[in-house]
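Engineer: One structure follows; several queries about it will come next.
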Amino acid sequence: NTMSLTRILTEIIPVEDLFAVNAETRDFIQTRTIISSSSAIISTISSSTLIWMILRSPQRLTTTRHRILFGMAVGDIIFSLSAANYNAMIPSDVDYISWNAQGNQATCSMLGFLTVLGAPMSLFYSCSLNIYFLAMVKYNKTDHYIRTKMEPFLHGIPIGISLMFAAALLATQGFNSDLGNGCISPVYDPPHCIGIEDGQVREGFEIPCGRGSDGPSEIIFFVAFTFVVFVSPTTIGVTLGMMYRHVSQQERRMGRYGEGALNRGAPQENNNTTTAASIDGGNGIINNMMRSIVTSVKSAVGRLSSRSNSNQNNSTSRVVMIRARAYTAAFFLTWSWYTVLVVLGIAGVHPPPVAVWYLNGIFVPLQGFWNLMI
């Protein structure tokens, strides 16, 4: 049995057998691709609509929040366009396993570049949005401070990291067919390359086997994968937790302040004043009473004003936190099934359940749709 398995894995598989062996997988990929590309089109339309709404609003791009949402929408459009081609950009060399593959290595590299540029950009702009909300809610940073001190980083990090990874993988031949509906495999190793040495092109095909294996593309891909899968959700979860903790503490403080407000505002008897007024005679008593009334009114107005401002600030913080929670929910709703696939892969579950693949295909391209709904 071992000798037979070794022979199967080392001998060149005839083309007709490639289609026969992978027929069931190809049908599965067809269904998954149709679902994913259709969701991507919905997300593209949604993000385009969000951009249109921002540009038509009275504030347009004059606010930090609108500029961050604009960047997030652009990233989502780039990523969604890479998923909305119904596999037409996948190299035709792997048509026996990837449904509707009609492209070549150039279209595959373009597809991979768009994917790696758009997905991290959208993800890290989600982080930027939460950091922006955190600066407002917890640290009470002014618009001027956020715009001048923080915003360059809130745009520079998502764009810079995405461009860096995309350019690095393109330069090291790290965009290859992943035998599904994408081109984000760091090494080209399809079934028809079994028995073919790296760098060689099998007769009847166009792309060299083992493409990308002689460079650092696997290391770059691993680092990019770590940023996307672990750093971005951790950042979003931590910032939301900090906001929730701050708002909860603020509300508890307001509750305690409200309970004692009336007691602190009650008029206090001042025996010394009354005694002095009695010595001065009737006019002194009247004057002191008037001063006491005026002082009490000013004190009450001051307390009410302070309490009103505190209530307003607390209400604003809660509104901002609720909005941040909505964007965070959209993020995790979009990427949770992909995370499940990653965890199953790490746990050695091969292949993962078909239902998880389908749910991943539905939800991953839809972040633009959720952002529009918010």
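Engineer: Across the range 37-54, what is the total count of residues that are open to solvent by less than 80 Å² (accessible area, probe 1.4 Å) and either of a type in the set (A, V, I, L, M, F, W, C) or modelled with pLDDT under 95 (or both)? Before the answer, list the steps.
Structural biologist: Taking the range 37-54 as the starting set, the residues that turn out to be open to solvent by less than 80 Å² (accessible area, probe 1.4 Å) are 37-41, 43-44, 46-51, 54.
Subset that is either of a type in the set (A, V, I, L, M, F, W, C) or modelled with pLDDT under 95 (or both): 40-41, 50-51, 54.
Total satisfying the criteria: 5.
Engineer: If you go through the range 163-216, how many residues are of a type in the set (Val, Ile, Thr) and within 30 Å of Ile362 (Cα to Cα)?
Structural biologist: To start, the set of residues in the range 163-216 that are of a type in the set (Val, Ile, Thr) comprises 172, 184, 187, 194, 196, 201, 207.
Then keep just the ones that are within 30 Å of Ile362 (Cα to Cα); that gives 184, 187.
The qualifying residues number 2.
Engineer: Moving on. Within the range 56-96, restricting attention to residues that are open to solvent by less than 10 Å² (accessible area, probe 1.4 Å) and part of a loop (DSSP other than H, G, I, E, B), which residue is farthest from Ile374 (Cα to Cα)?
Structural biologist: Tyr96
Engineer: Of all residues in the range 162-181, which are open to solvent by 10 Å² or more (accessible area, probe 1.4 Å) and either part of a strand (DSSP E or B) or out of contact with any Phe, Trp or Tyr (no Cβ under 6 Å at 6 or more places or on another chain) (or both)? Give the steps one after another, and end with the answer.
Structural biologist: Of the residues in the range 162-181, the ones open to solvent by 10 Å² or more (accessible area, probe 1.4 Å) are 163-165, 167-168, 170-173, 178-179, 181.
Hits for the range 162-181 are Leu163, Met164, Phe165, Ala167, Ala168, Ala171, Thr172, Gln173, Asp178, Leu179, Asn181.
Engineer: Moving on to the next point. If the requirement is being open to solvent by 60 Å² or more (accessible area, probe 1.4 Å) and either at pLDDT 90 or above or under 30 Å from Tyr139 (Cα atoms) (or both), which of these qualifies: Leu333, Leu359, Leu372?
Structural biologist: On the way: Leu359 fails: open to solvent by 60 Å² or more (accessible area, probe 1.4 Å); Leu372 fails: open to solvent by 60 Å² or more (accessible area, probe 1.4 Å).
When all the criteria are applied, what remains is Leu333.
Engineer: Of the residues in the range 131-161, how many are in a loop (DSSP other than H, G, I, E, B) and surrounded by fewer than 15 Cβ atoms within 10 Å (Cβ to Cβ)?
Structural biologist: To start, the set of residues in the range 131-161 that are in a loop (DSSP other than H, G, I, E, B) comprises 138-142.
The next check asks that each one be surrounded by fewer than 15 Cβ atoms within 10 Å (Cβ to Cβ); those that pass are 139-140, 142.
Residues meeting the conditions: 3.
Engineer: Just the residues that are surrounded by fewer than 18 Cβ atoms within 10 Å (Cβ to Cβ), of a type in the set (Gly, Ala, Ser) and not in a loop (DSSP other than H, G, I, E, B), please, taken from the range 193-220.
Structural biologist: Matches in the range 193-220: none.
Engineer: I need every pair where a residue in the range 55-72 that is in contact (Cβ under 8 Å) with a residue 60 or more places away in the chain has its Cβ under 6 Å from the Cβ of a residue that is assigned to a loop (DSSP other than H, G, I, E, B), sequence separation at least 6 or different chains.
Structural biologist: Close Cβ pairs (under 6 Å, with a partner that is assigned to a loop (DSSP other than H, G, I, E, B)) amount to Arg67/Leu61.
Engineer: Related question: Of the residues Gly118, Gly112, only one is closer than 30 Å to Gly204 by Cβ, among the small types (Gly, Ala, Ser) and within 22 Å of the chain's Cα centre (by Cα); which? Spell out how you get there, then give the answer.
Structural biologist: On the way: Gly118 fails: closer than 30 Å to Gly204 by Cβ.
Unique residue meeting the criteria: Gly112.
The values are calculated or read from the model by the stated rules, or taken from the named source; none is laboratory data. The model shown is predicted, which means the values in this text are computed figures rather than measured ones. Positions of Cβ are backbone-derived with ideal geometry, glycine not excepted, and every protein chain shown enters the neighbour counts. Side chains are part of the model used for accessible areas, which takes the heavy atoms of the whole protein and leaves out ligands, DNA and RNA. Shrake-Rupley method; radii C 1.70, N 1.55, O 1.52, S 1.80 Å.
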